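Written out below as structure tokens is the structure these notes cover.
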Amino acid sequence: MRRFSYSRPATLDEACHSAEHTRFLAGGTNLIDLMKSDVERPAHVADLKALGMHHIDEQPDGGLRLGALATNADTAAHPLVADRYPLLASAILAGASPQIRNVATNGGNLNQRTRCHYFYDPDMPCNKRSPGTGCSARGGRNRIMAILGTSDACIATFPSDMCVALAALKATVNLTGPEGERSVPIRDYHRLPGETPWRDNILRPGEIVTSIDLPPASFGPHHTYLKIRDRLSFAFAIVSAAIGLQIEDGIIRHGRIALGGVGTKPWCVPAAEALLEGKPPSHSLFRDVAERLLQGAMPDRDNAAKLRLAPRVIERALWQASAGTPQSQTDKTIR
Amino acid sequence: MNDVSADIPCRLQINGKTYAADLPPSVTLLDLLRERLDLTGTKKGCDRGQCGACTVLVAGKRVKSCLVLAVSIPDAEVTTIEGLSPNGQLHPMQQAFIEADAFQCGYCTPGQIMSAVALLAEGHTHSREEIREFMSGNLCRCGAYNGIVDAIEQVVAQQNRNHTGEAA
Ligand SMILES: Cc1cc2nc3c(=O)[nH]c(=O)nc-3n(C[C@H](O)[C@H](O)[C@H](O)COP(=O)(O)OP(=O)(O)OC[C@H]3O[C@@H](n4cnc5c(N)ncnc54)[C@H](O)[C@@H]3O)c2cc1C
Ligand code: SF4
Ligand code: FES
Ligand code: FES
């Protein structure tokens, strides 16, 4: 690791006004990994852990506020999350390993970088790591890369499981920066790569995620997080789906769907969600929804299998959610 | 503030003993234990959070020490494999690993045992599937997984017997 200076700001204001070339440290499970690989080379590291922000609080509207520094493990295990937002708990438990979840924070999870192999290898061209050098993944080994939201400049997936559930739950991200506070819907937080793939999200210099708000829960048992990966555990998603349905008298009132592993950001298509409204679950409906979600998908050399896998994952997850039998993250049998 | 040479005060409780020194901020907890304190029971496998060989307990919770900066956990209580048997008497989990033949080369074993001790406290031990899922952050290239799950089940069974014994 290159040498760097280190501080532990005592206030948000101090942290927001950190010097240029500062990286914020939360759990460090992504930042330190990338610093060891020489992908991240901060001159200064500002450790956020003295800033509090690790609480999980009920909100007046019946929703929940998740502190940015609450660990992924504490968030998933929190009784209010486990009871009211089992979709979120399930997605968190589907990611990484217990030791990593004990350290990884909610704010860090939101801001983690891609797992594209070329991004991790400073000897290879990569527009996200070194703007203007080209994209090694295009036409390269790209079995794990995205098929939706890609650009000529970058086809990397955003790897988080937690954020896929947050997108299905329509969470809101709360930020504080040198210019003040603002709140951004999670679906607008991550960016498409376009011509500027080095910008993963809308975070401005000095801005810090302080918390994530969940709207009041409404899916009851009708949810699931279904994640397909190369081994049964401790691997990133090849395709995943987070689904929540509000069902009354056998009719879907509304549905929320987000996909992981296939897009350059958590993938949501409001028009696909709208197809569900006012209809009973059926094979033809779920096939249409999957087709609409994947409209415009463009595989590259090695990842066409995602085009065949994704509709099956979506349809199966829709059946799991309709039946109120969410995917178990312990017994990996897919029912 | 941006003096790159500045070492940072680091104070930790490691296996019950106070450690205090000024350290470069880039020193990981793993490198502190192995390179500066000669606590070489904790192993370095991948150095990237992927294998679990470096698992230790920080404030009672299992973490991968290769991804933790030593200066970033002030005053934390750290327990390593050396701290499990302070009087030379094996921890029940260590004994069970021997009895269940839960290792071959032994390189992953300290990390497996620290992870298993934390797993017990977390209570994710209701089935073999649950144990495997919650031990998935510890890889074993010798493939001793069945023995590892056997060892954990053995300690769970002992604990259950002890609890029923106490209740009776
Ligand atoms: C071996 C391994 C396997 C993994 N598997 C999975 C998986 O299957 N699924 C999955 O979803 N994830 C997985 N992860 C990724 C893991 O979830 C992330 O590393 C973790 O969530 C990052 O959180 P952190 O607190 O450690 O972030 P850090 O490493 O501290 O920070 C990551 C980035 O976010 C920035 N940041 C952190 N907090 C804030 C804040 N409050 N405001 C603004 N910026 C901030 C940092 O500056 C940095 O750029 C895996 C990681 C490893 C090492
Ligand atoms: S896909 Fe994106 S992250 Fe991967 S090499 Fe291309 S530009 Fe870099
Ligand atoms: S050495 Fe830390 S996880 Fe492999
Ligand atoms: S015993 Fe050899 S790696 Fe596990």
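Hey, residue B:33 hits all of (1) closer than 23 Å to residue A:47 by Cα; (2) in contact (Cβ under 8 Å) with a residue 24 or more places away in the chain; (3) within 12 Å of another protein chain (Cβ to nearest Cβ) but one; which does it fall short on?
(3)
What number of residues within segment A:114-144 satisfy the criterion of being more than 14 Å from chain B (Cβ to nearest Cβ) and closer than 25 Å to residue B:53 by Cα?
Counting residues in segment A:114-144 that are more than 14 Å from chain B (Cβ to nearest Cβ) and closer than 25 Å to residue B:53 by Cα gives 2.
From B:41, B:45, B:60, B:52, which residue is within 25 Å of residue B:133 (Cα to Cα) and at the interface with chain A (Cβ under 9 Å from one of its Cβ atoms)?
B:52
Here is a list of conditions, (1) at pLDDT 95 or above; (2) under 23 Å from residue A:163 (Cβ atoms); (3) open to solvent by 20 Å² or more (accessible area, probe 1.4 Å), and residue A:232 meets all of them except one; can you say which number that is?
(1)
Considering only residues that are in contact with a strand residue (DSSP E or B) (Cβ under 8 Å, 6 or more places away or on another chain) and more than 16 Å from ligand 3 (Cβ to nearest atom), which ones fall in segment B:136-156?
None - no residue of segment B:136-156 is in contact with a strand residue (DSSP E or B) (Cβ under 8 Å, 6 or more places away or on another chain) and more than 16 Å from ligand 3 (Cβ to nearest atom), so the list stays empty.
For the condition in contact with a Leu (Cβ under 9 Å, 6 or more places away or on another chain) and outside any loop (DSSP other than H, G, I, E, B), what is the one hit in B:148, B:152?
After applying the criteria, what remains is B:152.
In this structure, is residue B:104 touching a Leu at 6+ places or on another chain (Cβ under 8 Å), more than 30 Å from residue A:105 (Cα to Cα) and outside the structural domain of residue B:45 (by the TED database)?
It is false that residue B:104 is touching a Leu at 6+ places or on another chain (Cβ under 8 Å), more than 30 Å from residue A:105 (Cα to Cα) and outside the structural domain of residue B:45 (by the TED database).
Select from segment A:321-333 the residues that are more than 14 Å from every other protein chain (Cβ to nearest Cβ) and part of a loop (DSSP other than H, G, I, E, B) and write down the one among them that is most open to solvent (accessible area, probe 1.4 Å).
Selected residue: A:325.
Right, residue A:168: touching a Leu at 6+ places or on another chain (Cβ under 7 Å) and either closer than 26 Å to residue A:314 by Cβ or within 15 Å of ligand 1 (Cβ to nearest atom) (or both) or not?
So residue A:168 fits the description; yes.
Given the criterion within 9 Å of ligand 1 (Cβ to nearest atom), within 16 Å of the chain's Cα centre (by Cα), of a type in the set (Ser, Thr, Tyr) and outside the structural domain of residue A:300 (by TED's automatic domain parsing), identify the matching residue among A:90, A:160.
Sole residue among the options that is within 9 Å of ligand 1 (Cβ to nearest atom), within 16 Å of the chain's Cα centre (by Cα), of a type in the set (Ser, Thr, Tyr) and outside the structural domain of residue A:300 (by TED's automatic domain parsing): A:160.
Got a sec? Which of B:121, B:102 is within 12 Å of chain A (Cβ to nearest Cβ) and away from ligand 1 (no atom under 16 Å from the Cβ)?
Answer to the check: B:121.
Are any residues in segment B:1-33 open to solvent by 60 Å² or more (accessible area, probe 1.4 Å) and modelled with pLDDT of 95 or more, and if so, which ones?
B:7, B:9, B:11, B:16, B:17, B:18, B:20, B:22
Can you pull out the residues in segment A:93-142 that are among the polar types (S, T, N, Q), over 25 Å from residue A:243 (Cβ atoms) and more than 8 Å from ligand 1 (Cβ to nearest atom)?
A:99, A:102, A:127, A:130, A:133, A:136, A:142
If you take just the strands (runs of 3 or more DSSP E) that sit entirely in segment A:204-320, which of them hold at least 3 residues that are away from chain B (no Cβ under 14 Å) and out of contact with any Pro (no Cβ under 9 Å at 6 or more places or on another chain)?
Passing ranges, in order: A:208-214, A:239-248, A:251-260.
What are the residues in segment A:87-106 that are assigned to a helix (DSSP H, G or I) and more than 17 Å from residue B:130 (Cβ to Cβ), if any?
Those that are assigned to a helix (DSSP H, G or I) and more than 17 Å from residue B:130 (Cβ to Cβ): A:87, A:88, A:91, A:100, A:106.
So which of A:33, A:74, A:47, A:38 ends up being away from ligand 1 (no atom under 13 Å from the Cβ) and either farther than 25 Å from residue B:51 by Cβ or of a type outside the set (A, V, I, L, M) (or both)?
Being away from ligand 1 (no atom under 13 Å from the Cβ) and either farther than 25 Å from residue B:51 by Cβ or of a type outside the set (A, V, I, L, M) (or both) holds for just one of A:33, A:74, A:47, A:38, which is A:38.
Quick check on this structure: which one of B:22, B:31, B:47 is out of contact with any Leu (no Cβ under 8 Å at 6 or more places or on another chain), within 13 Å of ligand 3 (Cβ to nearest atom) and not assigned by the TED database to the domain that holds residue B:116?
Of the residues listed, the single one that is out of contact with any Leu (no Cβ under 8 Å at 6 or more places or on another chain), within 13 Å of ligand 3 (Cβ to nearest atom) and not assigned by the TED database to the domain that holds residue B:116 is B:31.
Just wondering, is there one or more residues in segment A:103-110 that are buried (at least 24 other Cβ atoms within 10 Å of the Cβ) and within 16 Å of ligand 3 (Cβ to nearest atom)?
Yes, segment A:103-110 contains a residue that is buried (at least 24 other Cβ atoms within 10 Å of the Cβ) and within 16 Å of ligand 3 (Cβ to nearest atom).
In the list B:26, B:85, which residue meets the criterion of being more than 30 Å from residue A:78 (Cβ to Cβ), away from ligand 4 (no atom under 16 Å from the Cβ), hydroxyl-bearing (Ser, Thr, Tyr) and more than 13 Å from chain A (Cβ to nearest Cβ)?
Step by step, each of B:26, B:85 is checked, and only B:85 is more than 30 Å from residue A:78 (Cβ to Cβ), away from ligand 4 (no atom under 16 Å from the Cβ), hydroxyl-bearing (Ser, Thr, Tyr) and more than 13 Å from chain A (Cβ to nearest Cβ).
Specify the residue that is nearest to the other protein chains (Cβ to nearest Cβ); the eligible residues are those in segment A:41-56 that are open to solvent by 20 Å² or more (accessible area, probe 1.4 Å) and among the charged types (D, E, K, R).
A:49
Determine which member of the set A:19, A:26, A:10 is touching a helix residue (DSSP H, G or I) at 6+ places or on another chain (Cβ under 9 Å), among the small types (Gly, Ala, Ser) and open to solvent by less than 50 Å² (accessible area, probe 1.4 Å).
A:26
Would you check if residue A:149 is more than 16 Å from ligand 3 (Cβ to nearest atom), touching a Ser or Thr at 6+ places or on another chain (Cβ under 7 Å) and open to solvent by 10 Å² or more (accessible area, probe 1.4 Å)?
Taking the combined requirement at face value, the residue satisfies it.
The values are calculated or read from the model by the stated rules, or taken from the named source; none is laboratory data. Since we're looking at a predicted model, the values are computed, not measured. Cβ sites come from the backbone with ideal geometry, for glycine too, and all protein chains shown count toward neighbours. Heavy atoms of the whole protein, side chains included, go into the accessibility calculation; ligands, DNA and RNA do not. Shrake-Rupley method; radii C 1.70, N 1.55, O 1.52, S 1.80 Å.
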